[in-house]
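Reviewing the structure listed below.
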Amino acid sequence: MAARIRVFREAAVREARRISTDDRVKIAEEAASEARAMAPVLDGDYRDGIDVRVDGDRVFLVDDDEEAIFKEYGTSTTPAHAAVTDAARSRGKYSGWKPRSRR
């Protein structure tokens with residue numbers, strides 16, 4: 001006897017995100033802790049800005065320091081520290097920074 005199964009992709013992704021949110025928050029918190037430990041400290045803003053944000057079933061590892069982008073990725077005159085990037089990358093898929101489009 002054969003069985004036919006139809007998977008509704010959007011519903012399956014939505015359900016997978018919903019049931020994995022708590023685990024992804026734990027992973028992000030581990031990454032945030034590691035990033036804080038790796039972050040160089042001059043005034044503490046870069047290190048202290050590292051945090052986890054949850055928006056519904058979406059989980060983000062963020063840095064609220066206004067200059068974090070320059071500290072994370074470097075500039076033409078300063079090296080990249082990549083504390084957040086490296087911590088995120090070691091735990092799975094890293095989607096990177098995406099600049100907002102200008103309107």
Return the pair list, or none, for Cβ contacts closer than 7 Å from residues in the stretch 23-44 that are within 17 Å of A80 (Cα to Cα) to residues that are part of a loop (DSSP other than H, G, I, E, B), at least 6 apart or on different chains. A39/H81; P40/H81
Is it the case that S90 is at pLDDT 95 or above, of a type in the set (G, A, S) and surrounded by 10 or more Cβ atoms within 10 Å (Cβ to Cβ)? no
Failed item, numbered, when W97 is tested on (1) modelled with pLDDT of 90 or more; (2) under 15 Å from the mean Cα position of the chain (by Cα); (3) of a type in the set (A, V, I, L, M, F, W, C): (1)
Being more than 17 Å from A88 (Cα to Cα) and open to solvent by 80 Å² or more (accessible area, probe 1.4 Å) is true for just one of R53, R18. Which residue is that? R18
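State all residues of the stretch 21-44 that are acidic (D, E) and either open to solvent by 80 Å² or more (accessible area, probe 1.4 Å) or at pLDDT below 90 (or both); if no residue qualifies, say none.
D22, D23, E29, E30, D43
The values are calculated or read from the model by the stated rules, or taken from the named source; none is laboratory data. Values in this document were obtained by computation on a predicted structure and should not be read as measured data. Every residue, glycine as well, gets a Cβ built from its backbone with ideal geometry; the counts of neighbours run over all protein chains shown. Ligands, DNA and RNA are stripped out before the accessible areas are found, and what is left, the full protein with its side chains, is counted by its heavy atoms. Shrake-Rupley method; radii C 1.70, N 1.55, O 1.52, S 1.80 Å.
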